[in-house]
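Student: What follows is a structure written as structure tokens; I'll ask about it next.
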Amino acid sequence: MKKFKSDLNKKLKLMTFLVFLVAVIVFLIGFLSYKTVGTKSDVNDFILGVQTGTFIGLELVIIFKIRKYKNALKDSNMLQKLYIEKNDERNKLILLNTHSTGLYVIMIVLSVATIISGFLNATVFFTLASVFMFIGLTVGFLGYYYSKKY
Amino acid sequence: MKSKIRKLRKQHRISQEELALSVGVTRQTITSLECEKYTASLVLAYKIANFFNLTIEEVFDFSEVEGDN
């Protein structure tokens, strides 16, 4: 439990840093959107809105987690529950299966979308192909890493 | 995998939540074990058996596994 507490403290520090970082990003997006108002900028209002919304959502999630971890550090019962929640072997298996199956689905859909986009738009094709290659390389690298680790 | 967890729990009059907390898993994991939806790891099987002061073989039924060999 001591190691878990220490890990939680490290996470809290990292999340506090992230809260400030995300706040700066939200401010910069707001500043950019203010600067582009009334200009013939390529930056779409909708895109700026999505970006702002995403980062504000992220900020709220981080703040919620910080509050949860801080409360757990004060209360031993909550800390134990959090420890069980994070280390439960069934939860870990569910997460592992969800991620691996999800990845297969993403790879299949992405490959089909890449092929179809090739007939419609070159920019979309190269973007999707790059994403597909990046995911493929990452999976390959991680597979090699874990085969050496275990 | 079949197990005697539910039977043992009732004999000892303890809830799923109490057993789950004692062996360091969630209540849902105990439910899944009792419903034979999930197979416990060696460590968890040991913890559960140890909780009831029994051996792993006395809690879990390995006849299906033995049949595979």
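Student: Which condition breaks for B:Ala40 when tested against (1) within 15 Å of A:Asp88 (Cβ to Cβ); (2) more than 9 Å from every other protein chain (Cβ to nearest Cβ)?
Tutor: (2)
Student: Which residues, counting only those in the range B:1-21, are in contact with a Lys or Arg (Cβ under 8 Å, 6 or more places away or on another chain), more than 9 Å from chain A (Cβ to nearest Cβ) and in a helix (DSSP H, G or I)?
Tutor: First, pick out the residues of the range B:1-21 that are in contact with a Lys or Arg (Cβ under 8 Å, 6 or more places away or on another chain): B:15-17, B:19-20.
Applying the additional criterion that residues be more than 9 Å from chain A (Cβ to nearest Cβ) yields B:15-17, B:19.
B:Gln16, B:Glu17, B:Leu19 - these are the residues of the range B:1-21 that are in contact with a Lys or Arg (Cβ under 8 Å, 6 or more places away or on another chain), more than 9 Å from chain A (Cβ to nearest Cβ) and in a helix (DSSP H, G or I).
Student: I'd like to know if the range B:49-62 contains one or more residues that are within 12 Å of chain A (Cβ to nearest Cβ), in a helix (DSSP H, G or I), crowded, with 18+ Cβ neighbours inside 10 Å and without any contact (Cβ under 8 Å) to a residue 60 or more places away in the chain. Break it down stepwise before answering.
Tutor: First pass over the range B:49-62, keeping only residues within 12 Å of chain A (Cβ to nearest Cβ): none.
No, because not a single residue in the range B:49-62 is within 12 Å of chain A (Cβ to nearest Cβ), in a helix (DSSP H, G or I), crowded, with 18+ Cβ neighbours inside 10 Å and without any contact (Cβ under 8 Å) to a residue 60 or more places away in the chain.
Student: Could you identify the single residue in A:Ala122, A:Ala113, A:Ala129 that is loosely packed, with under 12 Cβ neighbours inside 10 Å and more than 30 Å from A:Leu8 (Cα to Cα)? Before you say what the answer is, go through the steps one by one.
Tutor: Details: A:Ala113 fails: loosely packed, with under 12 Cβ neighbours inside 10 Å; A:Ala129 fails: loosely packed, with under 12 Cβ neighbours inside 10 Å.
That would be A:Ala122, the only listed residue that is loosely packed, with under 12 Cβ neighbours inside 10 Å and more than 30 Å from A:Leu8 (Cα to Cα).
Student: Name the helices (runs of 4 or more DSSP H) wholly within the range A:1-94 that hold at least 3 residues that are under 20 Å from B:Leu21 (Cα atoms) and without any contact (Cβ under 8 Å) to a residue 12 or more places away in the chain?
Tutor: Numbers: elements: A:2-36, A:45-74, A:76-87.
In the range A:1-94, the matching helices (runs of 4 or more DSSP H) lie at A:76-87.
Student: Can you find even one residue in the range A:58-65 that is under 27 Å from B:Lys47 (Cβ atoms) and within 17 Å of the chain's Cα centre (by Cα)? Full working, then the answer.
Tutor: So in the range A:58-65, the residues under 27 Å from B:Lys47 (Cβ atoms) come out as none.
No, the range A:58-65 contains no residue that is under 27 Å from B:Lys47 (Cβ atoms) and within 17 Å of the chain's Cα centre (by Cα).
Student: Just to verify a result, which residue in the range A:68-89, among those that are within 8 Å of chain B (Cβ to nearest Cβ) and within 24 Å of the chain's Cα centre (by Cα), is farthest from A:Asp7 (Cα to Cα)? So that I can check it myself, show each step before the final result.
Tutor: Initial filter on the range A:68-89 (within 8 Å of chain B (Cβ to nearest Cβ)): A:80, A:83-85, A:87-89.
Subset that is within 24 Å of the chain's Cα centre (by Cα): A:83-85, A:87-89.
Details: A:Tyr83: 11, A:Ile84: 15, A:Glu85: 15, A:Asn87: 13, A:Asp88: 17, A:Glu89: 19 Å.
Per the criteria, the residue is A:Glu89.
Student: Can you tell me which of (1) touching a helix residue (DSSP H, G or I) at 6+ places or on another chain (Cβ under 6 Å); (2) touching a residue at least 60 places away in the same chain (Cβ under 8 Å) is the one B:Ala45 doesn't meet?
Tutor: If we test B:Ala45 against (1) touching a helix residue (DSSP H, G or I) at 6+ places or on another chain (Cβ under 6 Å); (2) touching a residue at least 60 places away in the same chain (Cβ under 8 Å), just (2) comes out false.
Student: Within the range B:1-35, how many residues are within 16 Å of B:Ala45 (Cβ to Cβ), among the acidic types (Asp, Glu) and surrounded by fewer than 16 Cβ atoms within 10 Å (Cβ to Cβ)?
Tutor: Number satisfying all stated conditions: 0.
Values in this text are rule-based calculations from the coordinates and carry no lab data. This is a predicted model, so every value here is computed, not measured. Methodologically, a virtual Cβ is constructed for each residue, glycine included, from the backbone with ideal geometry; neighbour enumeration extends over all protein chains shown.
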